[in-house]
Ligand code: FES
């Protein structure tokens, strides 16, 4: 992200409409964003999962360690809605009591700021400096990779469809 670029508020829609919709996707300044309304709070984050680029749009939301997390539909990675932190459950082999606990991988998914002004909702794209893994799928290379994968899947679907005839 360009940290020198001044932040801009993007109008997303009317609050009531977004509450009804619960989720929506938008492209702001070439970036795909998922907006979620969950438990009276709006969240915005990069649409494509940092792990392998799957869309998070239909991910379930779970509460883990008192944080609301979206669960990527593809490989079930968990990402906190508020921070974009990747979390995982594991045993610490250094501990005698080897029970499963939640650990953090750090910030993996770029989250953006949502602002309510009267009945309108705005998003400001994050200009948090440095590379965050979900940035990859907002680059030309990342998008090309996703497109290629999608095309190969479409090809497979066509092959299967041909078998029906
Ligand atoms: S693409 Fe999201 S968990 Fe793998």
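Every number here is computed from the coordinates shown, using simple stated rules; none is lab data. All of these numbers come straight from a predicted model, not from anything done at the bench. So basically every Cβ, Gly included, is an ideal-geometry build from the backbone, and we count neighbours across all protein chains shown.
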Contour excess over end-to-end distance, with Cα ends at residue 151 and residue 101 and 0.36 nm allotted per residue: 14.1 nm
Approximate spin-label separation residue 89-residue 25, in nm, with each point projected 7 Å along Cα-to-Cβ: 2.8 nm
Separation in nanometres of the label points that stand 7 Å from Cα toward Cβ, at residue 65 and residue 38: 1.5 nm
Projected label distance in nm at residue 10 and residue 127, using a 7 Å step from Cα toward the beta-carbon: 1.5 nm
Kirkwood hydrodynamic radius (C-alpha pairs) into Stokes-Einstein, the stretch 9-163, 4 °C and 1.567 mPa s, D in µm²/s: 76 µm²/s
Residues 117, 111, 26 arranged by fewest to most Cβ contacts within 10 Å: 117, 26, 111
Ranked by how many other beta carbons lie within 10 Å on average, peptides 134-145, 13-24, 43-54 from highest: 43-54, 134-145, 13-24
